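Structure record follows, encoded as structure tokens.
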Amino acid sequence: MDFIRIIIAIILPPLGVFLQVGFAGAFWLNILLTLLGYIPGIVHAVYIIAKR
């Protein structure tokens, strides 16, 4: 299941984080990082998914 979440995180980073943690602080941080730059959003999303 984590493999699918990582693929989703590469395509749409906030959705990958949402599927992992819900509406927690990491989700809102990922939206901010994705708006500032797509790559930081991906890196953060993959980190959150791999960490849990």
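Only the coordinates and a few stated rules stand behind these numbers; no lab work does. Fair warning: this is a prediction, and the values are worked out from it, not measured in the lab. In this analysis, Cβ positions are derived from the backbone assuming ideal geometry, glycine residues included, and neighbour counts consider all displayed protein chains.
Observations on the model:
- The chain: DSSP helices with Cα axial extent of at least 15 Å and average Kyte-Doolittle hydropathy no lower than 1.6: 25-36
- Net +/- balance of residues flanking Ala50 in space, Cβ distance below 15 Å, scoring K and R +1, D and E -1: +2
- Of the chymotrypsin sites (Phe, Trp or Tyr not before Pro) found in the chain, those that fall in a DSSP loop while having at most 10 other beta-carbon atoms within 10 Å are Phe23.
- Each label was represented as a point 7 Å from its Cα along the Cα-to-Cβ direction; for Leu29 and Asp2 these points are 1.9 nm apart.
- When the square roots of the Cα gyration tensor eigenvalues are ordered a ≥ b ≥ c, the ratio a/c for the chain is 1.5 or more and a/b does not exceed b/c, which makes its shape oblate.
- Local net charge near Ala26, Cβ-Cβ under 15 Å (Lys/Arg +1, Asp/Glu -1): +3
- For the chain, the 222 nm mean residue ellipticity estimated from helices alone, with every DSSP H stretch of n ≥ 4 adding -39500 (n - 2.57) and the total spread over all residues, rounds to -26500 deg cm²/dmol.
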